[in-house]
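All remarks here apply to the structure that follows.
The values are calculated or read from the model by the stated rules, or taken from the named source; none is laboratory data. Note that this is a predicted model, so its numbers are computed, not measured. Note that we place each Cβ from the backbone using ideal geometry, even for glycine, and neighbour counts take in every protein chain shown. For the accessible areas, the whole protein counts, side chains as well, though only heavy atoms, and no ligand, DNA or RNA atoms are used. Shrake-Rupley method; radii C 1.70, N 1.55, O 1.52, S 1.80 Å.
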Amino acid sequence: MKIGVVTFPGSLDDRDAQRAVRLAGAEPVALWHGSHSLEGVDALVLPGGFSYGDYLRCGAIASLSPIMTEVIDAANKGMPVLGICNGFQMLAEAHLVDGGLIRNDHGNFVCRDQKLRVENTDSAWTSDFAVGQEITIPLKNGEGGFIADAETLARLEGEGQVMFRYVDVNPNGSLNDIAGVRNVRGNVVGLMPHPEHAVEAGFGPDTDAAMRSGVDGLGFFTSVIKQALVNA
Amino acid sequence: MPTIVVEVMPKAELLDPQGKAVAGALARIGKDGFSSVRIGKRFEITVDGPVTDAVRAEVEAIANDILSNSVIEDVVGIHYETPAGETH
Amino acid sequence: MPTIVVEVMPKAELLDPQGKAVAGALARIGKDGFSSVRIGKRFEITVDGPVTDAVRAEVEAIANDILSNSVIEDVVGIHYETPAGETH
Amino acid sequence: MTETPATTSAPASAGRGVADTVQNAAATPEKEQPYGALGLKPDEYEQIKKILGRRPTSGELAMYSVMWSEHCSYKSSKNYLRQFGQKVSPAMKKNLMVGMGENAGVVDVGEGWAVTFKIESHNHPSYIEPFQGAATGVGGIVRDIISMGARPVAVMDALRFGDINHPDTARVVHGVVSGISFYGNCLGLPNIGGETYFDSVYQANPLVNALAVGVLRHEDLHLANAKGVGNKVVLFGARTGGDGIGGASILASDSFDEGGPTKRPAVQVGDPFAEKVLIECCLELYKNELVEGIQDLGAAGISCATSELAANGDGGMVIALENVLLRDPTLTAEEILMSESQERMMAIVTPEKLEGFLEVVKKWDVETSVLGEVTDTGRLVINWHGEEIVNVDPNTVAVDGPVYDRPVAYPSWIDALQADSAATLARPADAAELRAQLLTLVGSPNLADKTWITSQYDKYVLGNTALSFPDDGGMVRVDEESGLGFAVATDANGRYCQLDPKAGARLALAEAYRNVATTGAVPVAISDCLNFGSPENPEVMWQFSQAVEGLADGCLELEVPVTGGNVSFYNQTGDAPIHPTPVVAVLGVIDDVARRIPSGWQDDGHNIYLLGT
Ligand SMILES: Nc1ncnc2c1ncn2[C@@H]1O[C@H](COP(=O)(O)OP(=O)(O)O)[C@@H](O)[C@H]1O
């Protein structure tokens, strides 16, 4: 299975996402924002970082990149797309998921090992998790506050589109502690925490067993690989 | 060269944590009397030629589609200023 | 309640990375004709009572000392608006 | 016509397009020049006239003034820093690929890999505008690393602030930390450690020392010099604007008055996104072998880059200054020469490769202009709209600046300070007092948890961080296959150094060395940032001489070479200098990061030993 990772000017975690794809057992394909080709990949990751410096609104300028035409088209046709942090912000700016992301309520960038509760597993990227499972994934952002108007929020909650919720600490003022959401169809998932930073023992978040040993992020990538096998 | 000013504010019904933080800071240093602060953006765009109707239409489109995100923000003003400074 | 608008822009002689990024994006998607974009802040402050001279003086002080950083920014406008919307 | 004296920090100029030419300078020897406002002493000005055989043009004056500033010329420290090159054993040179004097030292770490690292100060700008000052400090040190041909892979920050309860401290702390966080995070470089201290001696003079580490394959090593007659001199990156004009000399050699930041010269504004793109662009240029060398533009901007490149190369260069792409078209030639606009680089490119160079640069949306070419005339010639405004021997600008043997004096107060030892303090009389003392200690700002700071830094990006806060040293994997990695720690204790600068410097070295060794890595190299008061104060100069001697001797004993660093003088408020604060960074190598040893207890049942004396 081929999973494309799109690099935008200012992408930072693109190589980490490629590594995660590789460790999960798929073939990572580096895609360039300025191209119009998805090179035949089966799924897409929009990685974290500060595309275009995140200067206008996070993800806003990247969402206008040439390749986004193809990304939006593929997403609408059902291709699995995972937006991580800046990638989540791009999904929101491109209206592929509902809501918006604004500056953290405390005003600072925050980097921490974040506990999340899996609220729903009904998506291309989450079938390897169990509902109610608690996982630890690094979080690092300055603008991760999830907001939506009351009506949208009620719909997301009602339709089971809230995928992950922050546990113990709400690190950025997100409404309803929302850490990640999906689109109606379930092929597009966006979240602020970084699963690609929890895929390799020694370089992940701390766990009770040992420092830096957390690999809970692998589940995102193994989920999408399994789904591809089922659909094949 | 003429300057166009576009003003964007966070939607009134949504949270504005930055504004809240500033309001809190003002209260803490004893500047009360201010009941709320909201923080938006102000864009100054310089255009190369005269401000024609086509330019106006284009600026309006840019303001709505790029300079603001309609899910969370509103465009609250677009002003066209000549170099002399008066507003049309 | 009356609203006061304070406008803050990055100093003209300093780099404005935000504006630069937006100008670049506009050019890339074929919206040319805009020679520069600068991005500043727009504060909407609601006051509890009437806008007296004392309030004006206070707002001016806040604008210069708290809402802007005089090393890198200029306060380019302070407008007092009544609920009806007209500017004084 | 009357001459109006210059009041600004930038030289008076006759206006755009009609700059002071070499011809004009020769014809008007009597013209009064504002060398004093530019930080030059009368005898230095006389020396410049002697070198040139005429008065300098205003452009030449701008160049000499920034390049001969303490900050760029090391005129007060040079005589002492020589020890780092002299007190070396063969073992210390063994793994050294590039030693002191280049943009950053390079160490062979095995398996064909090399590591380069350097620590540098951005103290004064960080007091005036803490956010941008600290941010551009990170940006500057990272560009040093790129200029060696390396990919930057980590940053660290050693910080010293005033009293935590002083009303101005919060402004500085919040600004500095968010500036480092903003720039480092946006560049995608993990922050793997640092230090934070509060002490009133740093009240109006915080210390912001930023460190960057890069890795490269041996064959990718590049040195910045202008060799090869006919090769093109290309400026690329951000456009040149009015940022930080005169900053190098004015900001770095002036001290501040009590009572807050009243002096507000133009500051530099950083654009980490532009720098991130510049990094990727430079790495692609190196990889495709499209450049001979790349020099970063830091303090003193184009003045520094042209004169250093020329002096380190074949000795000559000719530049058409009007080719510099400007953000502000009203800049004068002198201002362009002095501008400290960030995120710019200067490359030397052979004519055959220019086209390929321009293609790569275009791919990354980076703006470029060809300024001129390398010559063998031994002269750096700068033209402005066809007129010669600079014609100098670049060595006189960049290498053979003034060197001072400043007077030193043993501080009269030091014996009393040393005698006033902790032994004279009352001991806690009972358990309750002891408890209270302990609680005071652990609650004190210098011992308290630093998470408020470290949680604003991305430590995960790049996926290779093996150790970071709260570990004693940071560690990063270099090679995914073998697990080869490096560790770095920075340390200094200004209070020890105030008591005894020689012993204090040795202790700083020993502490950083231990912090690296306890991670499991073998210490192999040192970089240092020497933060002191005014060199014109003989007592400060004595402290400096002692600290350098202590550090150089310590390095010889431990057999680790100093590969580079930075001297920051004039750190004082009024006449009161800061405590001498030599920050020492130690780099170590570990052949497999899987064998690293984190701080803290790992498992139940382990034995605890206390080692040493
Ligand atoms: N300004 C800073 N930037 C990055 N890391 C820091 C900074 N200040 C402290 N740290 C990190 O926090 C941890 C604790 O620091 P410190 O309290 O100084 O520890 P110690 O006293 O053991 O050296 C260390 O891992 C150190 O690297």
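For the reader, a short list of remarks on this structure follows.
- Taking the helices alone, chain B has a mean residue ellipticity at 222 nm of -7500 deg cm²/dmol, built from -39,500 (n - 2.57) per DSSP H run of at least 4 residues and averaged over all its residues.
- Based on C-alpha pairs under 8 angstrom that are at least 6 apart in sequence, segment B:3-81 has a relative contact order of 56 percent.
- Segment A:2-231 - share of DSSP beta bridges that are antiparallel (%, nearest 5): 55 percent
- Cβ-defined net charge surrounding D:VAL478, 14 Å radius [Lys, Arg +1; Asp, Glu -1]: -4
- Only the Cβ atoms of Lys and Arg (+1) and of Asp and Glu (-1) were treated as charged; on that basis the dipole of segment B:3-81 about its Cα centre amounts to roughly 580 debye.
- Projected label points at D:LYS363 and D:TRP452, each 7 Å from Cα along the beta carbon direction, are separated by 4.6 nanometres.
- Considering only D:GLY298, D:SER527, D:TRP68, the residue lying farthest towards the positive end of the dipole of the protein assembly as shown is D:SER527, judged by Cα position with unit charges set on Cβ.
- Between D:ASP575 and A:ASN108, the modelled label-to-label distance comes to 4.0 nm, taking each label 7 Å out from Cα in the direction of the beta carbon.
- Selection from B:VAL37, B:TYR80, B:ILE66 lying farthest towards where the dipole of segment B:3-81 points positive, charges on Cβ: B:VAL37
- Lysines with Cα under 30 Å of A:LYS2, excluding same-chain neighbours fewer than 8 positions away: A:LYS77, A:LYS115, A:LYS140, A:LYS226, D:LYS276, D:LYS287, D:LYS362, D:LYS363, D:LYS459
- Share of carbon and sulfur in the accessible heavy-atom surface of segment A:2-231 [1.4 Å probe, %]: 48 percent
- Degrees separating the helix D:354-363 axis from the principal Cα axis of chain D, which is the longest one: 50 degrees
- Both the radius of gyration and Dmax for segment B:3-81 are 15.8, 49 Å, in that order, over alpha-carbon atoms.
- Averaged per residue, the protein assembly as shown has 38 square angstrom of accessible surface, using a 1.4 angstrom probe with ligands and nucleic acids left out.
- Basic side chains Lys and Arg get +1 at the Cβ, acidic Asp and Glu get -1 at the Cβ, and with that the dipole of the protein assembly as shown about its Cα centre reaches some 1060 debye.
- Solvent-accessible area of D:ARG327 with every protein chain in place, 1.4 Å probe, in Å² to the nearest 10: 70 Å²
- Amide H partners (placed H, <5 Å) of D:ILE590, local residues excluded: D:GLY485, D:PHE486, D:ALA487, D:VAL522
- DSSP assigns beta bridges within segment A:1-133; of those with both partners inside it, close to 10 percent run antiparallel.
- Once the partner protein chains are put back, segment B:2-19 shows a loss of at least 20 square angstrom of accessible area, versus the chain by itself, at B:GLU7, B:MET9, B:LEU14, B:LEU15, B:PRO17, B:GLN18 (probe 1.4 Å, ligands and nucleic acids excluded).
- Each residue of segment D:227-233 is assigned a 3J(HN,Hα), and the resulting list reads 10, x, 4, x, 5, 7, 9 Hz, derived from the Karplus form 6.51 cos²θ - 1.76 cosθ + 1.60 (θ = phi - 60°), x at Gly and Pro.
- Residue (of D:ALA517, D:ASN395, D:GLY574) at the positive-pole extreme of chain D, dipole from beta-carbon charges: D:ALA517
- Computing FRET efficiency as 1/(1 + (r/R0)^6) for D:ARG495 and A:SER213, where r is the C-beta to C-beta distance and R0 is 35 Å, gives about 0.35.
- Coupling constants for segment D:158-172 follow from the phi torsions by the Karplus curve (6.51 cos²θ - 1.76 cosθ + 1.60, θ = phi - 60°), and in residue order they are 10, 10, 9, 10, x, 4, 4, 8, 6, x, 8, 5, 4, 4, 6 Hz; glycine and proline get x.
- Under 5 Å, built H, 5+ apart or other chain: amide partners of D:GLY293: D:ILE348
- Pair D:LYS94, D:ASN79: separation of 7 Å Cα→Cβ label points (nm): 3.6 nm
- Sequence-separation-based contact order of segment D:49-177, relative, with Cα cut under 8 Å and 6+ spacing, percent: 16 percent
- The lysines whose alpha-carbon is closer than 20 Å to the alpha-carbon of C:LYS11, local same-chain residues fewer than 8 away aside, are B:LYS41, C:LYS20, C:LYS41, D:LYS263.
- In sequence order, calculated HN-Hα J values of segment D:398-407 (Karplus, 6.51, -1.76, 1.60; Hz; x Gly/Pro): 9, 10, 9, x, x, 10, 10, 9, 6, x
- A full extension of the chain between D:GLU480 and D:ASP420 corresponds to an added length of 16.3 nm, given 0.36 nm per residue minus the alpha carbon distance.
- Net +/- balance of residues flanking A:ILE178 in space, Cβ distance below 14 Å, scoring K and R +1, D and E -1: -3
- Modelled FRET efficiency - R0 30 Å, A:THR152 with A:THR69, Cβ distances, 0.05 increments: 0.75
- Between D:ALA26 and D:GLU46, the contour length at 0.36 nm per residue exceeds the Cα-Cα span by 5.7 nm.
- Between helix D:501-517 and chain D there is an angle of about 80 degrees, using the helix long axis and the longest principal axis of the Cα atoms.
- Annotation: amide H of A:ASN141 within the under-5 Å range of A:VAL110, sequence separation 5 or more or interchain, hydrogens built in the peptide plane.
- Segment A:84-149 versus segment D:114-158: alpha-carbon centroid distance in Å: 31 Å
- Per-pair calculated FRET efficiency, R0 = 35 Å: C:SER35 and D:HIS174 via Cβ, rounded to 0.05: 0.50
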